[in-house]
1. Rounded to the nearest 10 degrees, what's the angle between the helix 2-22 long axis and the longest principal axis of the chain, both from Cα atoms, 0 to 90?
2. Just need the relative contact order of the chain here, percent rounded to a whole number, with Cα pairs under 8 Å and 6+ apart.
3. Would you mind checking the tilt of helix 39-49 against the longest principal axis of the Cα atoms of the chain, expressed as 0 to 90 degrees and rounded to 10?
4. Select from segment 2-54 those trypsin sites (Lys or Arg not before Pro) which occupy a DSSP coil region and have at most 15 other Cβ atoms within 10 Å, ordered by residue number.
5. Convert each backbone phi in segment 67-78 into a coupling constant with the Karplus relation 6.51 cos²θ - 1.76 cosθ + 1.60 (shift: θ = phi - 60°), then list the ³J(HN,Hα) values in order as whole Hz, x for Gly and Pro.
6. Treating only the Cβ of Lys, Arg, Asp and Glu as charged (+1, +1, -1, -1), what charge dipole size does segment 2-84 show about its Cα centre? Round to the nearest 20 debye.
7. Provide the per-residue ³J(HN,Hα) series for segment 52-65, in order, calculated from phi with Karplus coefficients 6.51, -1.76, 1.60 and θ = phi - 60°, each as a whole number of Hz, with x at glycine and proline positions.
Amino acid sequence: MVMLITMIQDLCDAATLFAVDILKTSGNMVMTFHIGSEDKNLETRLKRMFKTVLREKSALSTMQMLFICLKKRAGVDRGAMLESI
């Protein structure tokens, strides 16, 4: 189970970097993640990248939540995001 959660965290990090590269300013993203020790760090990174980050319960599982990220900020730096991972 620990390996699965680590892999899911890696996918979340990859999705964050993908969003830095692909999303236009004011773009939105929804991300599923597992509740654990790293979700606060992920939320902090997302808050640097988006104006609004909402945390919602997933209907799929009690161990999963959703980050609803709204309005990507202008000038988000990929290098700074990489350093924070």
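Throughout, read-outs are computed from the coordinates displayed, never taken from laboratory work. In this text, all values refer to a predicted model and were calculated from it rather than measured experimentally. With ideal geometry, Cβ positions are generated from the backbone for all residues, glycine too; neighbour counts draw on all protein chains shown.
1. The helix 2-22 is inclined about 20 degrees to the chain.
2. Numbers: 112 pairs, mean separation 29.2, N = 85.
Taking the mean separation of contacting Cα pairs over the length of the chain, I get 34 percent.
3. Tilt of helix 39-49: around 20 degrees.
4. Numbers: sites: 24, 40, 45, 47, 48, 51; in loops: 24.
Sparse-neighbourhood loop trypsin sites (Lys or Arg not before Pro): 24.
5. 9, 9, 10, 10, 6, 4, 6, 6, x, 5, 9, 4
6. Numbers: 12 positive and 9 negative charges, 97 e Å.
Roughly 460 debye for segment 2-84.
7. Listing the rounded values in order: 10, 10, 9, 10, 10, 6, 8, 6, 7, 7, 6, 8, 10, 9 Hz.
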